[in-house]
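A.B. asks: Here's a structure for you.
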Amino acid sequence: MGIRVISLWAVLLVFACLPIDAYASEDDDDTAHGDSGRVAHQLSFDFKPGAILHTNEFLRGSNPEARTMNHDMGFHVKYAFSLPSGSREARVYRDAYQGIGIAYNEYNWQLGNPVSVYLLQGARIASLCERVALNYEWNFGLAMGWHPYDAIDNPDNKVIGSRVTAYMGLDLYLRWVLSRHVDVNFGLGVAHYSNGNTQFPNLGLNTASLRIGTSYYIHRDTPRLLHRHESLPQVEHHLTYDLILYGAWRQRGSYTDGIAYALPGKSAVFGFNFNPMYSLNHWLKVGASLDGVYDRSANLIVSDIYDVDDMEYARPAAARQMALGLSARTEFVMPYFSINFGVGTNVINAQGDFSGVYELLALKMNVTRRAILHIGYSLNNFHTPKHLMLGVGWRFGHI
């Protein structure tokens, strides 16, 4: 079956890359390329049959139905817009689009059937011919309507701990431009759902899926892929300095005899990043960051547990819940959004929960040329979830 699908898409790809005159229509006339000053709009629908990745025992069969959980069926409706094709940004960020989407995913009664609302952005990675391109798209938002962990009604579900979680998705897909107004899309996607340790338990859910969809365009200039052979504008190499202030909350757990228990209450987290970045090209910045954090859940002193309902803990001195670190940073830059990734280690108070290597992944949204909204997540040693990073920032230096 898999070979047949691959063979079918290979035939379609060859057909799509035939010389454009072989199946020209009135939409292909170059006179259609006359609205370069207008924003293009698109409405898309994606059907995404997929599977759950079995990352823990609950998904592998330790559940009331004693079965491996596989079923995932998703339906996405999206609106997006693209910058005018005659603009400098369109030449640099080819076929870039950004917008909003809503999705419905069907799993099973133990997990629920969440509805997701999200921001999205995508662009062309490579042109395969005049009408076919390899594209990417990321999604970031909230998923609502889960059937989460409940000590009485759903005690085995340690995967989803709250009715609302974050949703992150990434697709790679082939885009076939059928006409000036219509595309067909086919590819693969992965998704992750987690509440960012704001509520315990929180093992998170990961899925993989096919993407089969179509898009309808308004004010698109031509059925060809534009700017394929055009040279890029000159790169302006410069330094910028992002100062980010963030906060969050998290719930901690404790392990006794291999069983996880939630500690009562939630703790605040505050921090900052001072992040100098150098522009290598139009899309990539590299740099470093000074990272400070005050985590009221760090290095807790948990009492011996005789009765889970009477679990207690004490906080150490404030100094033991603060740390200062240095991280290397890479930033992928696009219109309106940047994705920042960092790996670092603490240099002050690198003890207990602050030991080892920490990682940060953040989405920066440009509110103005200098004001930034910041949504990020922090891990420890590439596997232990830490906390969200919800903040605001200001960009200094040349823009």
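The values are calculated or read from the model by the stated rules, or taken from the named source; none is laboratory data. Remember, it's a predicted structure, so these values are computed and weren't measured experimentally. Every residue, glycine as well, gets a Cβ built from its backbone with ideal geometry; the counts of neighbours run over all protein chains shown. Remember, those area values only see protein heavy atoms, side chains included, never the ligands or the DNA or RNA. Shrake-Rupley method; radii C 1.70, N 1.55, O 1.52, S 1.80 Å.
A.B. asks: Please enumerate the residues belonging to the stretch 168-193 that are touching a residue at least 60 places away in the same chain (Cβ under 8 Å), touching a strand residue (DSSP E or B) at 6+ places or on another chain (Cβ under 6 Å) and of a type in the set (Ser, Thr, Tyr).
C.D. replies: Tyr193
A.B. asks: Modelled with pLDDT of 95 or more, over 30 Å from Ser82 (Cβ atoms) and either open to solvent by 10 Å² or more (accessible area, probe 1.4 Å) or not aromatic (Phe, Trp, Tyr) (or both): is that true of Ala328 in this structure?
C.D. replies: So Ala328 fits the description; yes.
A.B. asks: Can you work out which of the residues in the stretch 183-213 that are over 18 Å from the mean Cα position of the chain (by Cα) and of a type in the set (A, V, I, L, M) is nearest to Ser162 (Cα to Cα)?
C.D. replies: Ile212
A.B. asks: Within 23 Å of Ser338 (Cβ to Cβ), open to solvent by 60 Å² or more (accessible area, probe 1.4 Å) and not small (Gly, Ala, Ser): is that true of Leu119 in this structure?
C.D. replies: no
Each row is one residue, and each column tells you yes or no for (1) open to solvent by 40 Å² or more (accessible area, probe 1.4 Å); (2) in a strand (DSSP E or B); (3) at pLDDT 95 or above.
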position: Thr165; (1), (2), (3): no, yes, yes
position: Leu172; (1), (2), (3): yes, yes, yes
position: Gly189; (1), (2), (3): no, yes, yes
position: Thr198; (1), (2), (3): no, no, no
position: Pro201; (1), (2), (3): no, no, no
position: Ala208; (1), (2), (3): no, yes, yes
position: Ile212; (1), (2), (3): yes, yes, yes
position: Tyr217; (1), (2), (3): no, yes, yes
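A.B. asks: When you go through Val343, Val357, Val347, Val392 one by one, which is the residue that is under 25 Å from His237 (Cβ atoms) and modelled with pLDDT of 95 or more?
C.D. replies: Result of the check over Val343, Val357, Val347, Val392: Val343.
A.B. asks: Here's something else I'd like to know. Give the stretch 121-138 a look and list any residue that's assigned to a loop (DSSP other than H, G, I, E, B) and among the hydrophobic types (A, V, I, L, M, F, W, C), or say none.
C.D. replies: Scanning the stretch 121-138 gives Leu128, Cys129.
A.B. asks: Something else about it: Select from the stretch 340-357 the residues that are farther than 10 Å from Gly325 by Cβ and either in contact (Cβ under 8 Å) with a residue 24 or more places away in the chain or open to solvent by 60 Å² or more (accessible area, probe 1.4 Å) (or both) and list them in ascending order.
C.D. replies: Asn340, Phe341, Gln351, Gly352, Asp353, Gly356
A.B. asks: Counting just the residues of the stretch 53-109 that are of a type in the set (Lys, Arg) and open to solvent by 20 Å² or more (accessible area, probe 1.4 Å), which one comes out nearest to the chain's Cα centre (by Cα)?
C.D. replies: Arg94
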